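The values are calculated or read from the model by the stated rules, or taken from the named source; none is laboratory data. Predicted, not measured: the structure shown is a model, and the values here were computed from it. When we count neighbours, we look across all protein chains shown, and the Cβ atoms used for this are built from the backbone with ideal geometry, even at glycine.
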Amino acid sequence: MSGGGDATEEPVGGPARLDRTDLAALFGRVRWRTAAGGASLVAAALLAVVALVAPQWLFEGETNAGLVPLFDGFVGVAIVLVGLSAVAGVGYGLWNGGPVLAYAMPTLPWLVGGTVAGQLALTVDAALALSGGAAAATAATYSVRRVTGRTTSVTEVGLALATGGTVVAAVTLWRVRAAAGGYASTGLRVAAALLALTMVALVLQVVFTLDDVGDQSG
């Protein structure tokens, strides 16, 4: 096939049972786009580690006890980074499908950063990361369905991941709802709005999936 742009790309996955090709499609339709998404995921994880570990290094010892504003700044950077990762995950999902990689883009940087820094807990950035992951998986599932035109094994896995991610994000948001002030309040509002939109989109996709199942059995 000749031509430019996507015409020369090698899309993977399709409306078949879950085989090796569809396993690749869980991460993305087009290989170079999947590679770009993976590279951005690694970069975001490294930035998250820096944002969460740097305050511990700066605050080591009593001589740095007066750097509270700087510490708050790093906390704000971490939350903003998680928010940007959520946007990137949704954008990647719409661009290249791949519900698994799309879900990982907001959630894995938070998970890796929190683990390395020893601060893995249900906090505002956790609620934002998990809400972003659910939204990204939902967007990716929609993208796969839009391309294939029907329910496939990939959309089924994506729908299951998006549903489970939405439930976990909702529980996390409920647990940290009492967080107050500054970045925390803003992060909670963003996470709540993102989760509400995700729930609406998810319900619509479930309806479409059930409609497909009815057509296939009819």
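Details
- For the range 139-159, filtered to residues that are modelled with pLDDT of 90 or more and of a type in the set (Gly, Ala, Ser), the residue that is surrounded by the most Cβ atoms within 10 Å (Cβ to Cβ) is ALA140.
- Total residues in the range 142-177 satisfying the condition of being more than 22 Å from ALA24 (Cβ to Cβ) and not in a helix (DSSP H, G or I): the figure is 2.
- Filter result for VAL124 (out of contact with any strand residue (DSSP E or B) (no Cβ under 9 Å at 6 or more places or on another chain) and farther than 16 Å from ALA102 by Cβ): yes
- Scanning the range 11-41 for residues that are surrounded by 13 or more Cβ atoms within 10 Å (Cβ to Cβ) and either of a type in the set (Phe, Trp, Tyr) or modelled with pLDDT of 75 or more (or both) yields a count of 16.
- Here the condition is being surrounded by 18 or more Cβ atoms within 10 Å (Cβ to Cβ), in contact with a Phe, Trp or Tyr (Cβ under 7 Å, 6 or more places away or on another chain), of a type outside the set (S, T, N, Q) and on the phi < 0 side of the Ramachandran plot; of ALA129, ALA134, ALA162, it holds for ALA129 alone.
- Against the test of being surrounded by fewer than 21 Cβ atoms within 10 Å (Cβ to Cβ), closer than 26 Å to TRP174 by Cα and either at pLDDT below 85 or among the aromatic types (Phe, Trp, Tyr) (or both), the options ALA121, ALA78, ALA48 yield a single qualifying residue, ALA121.
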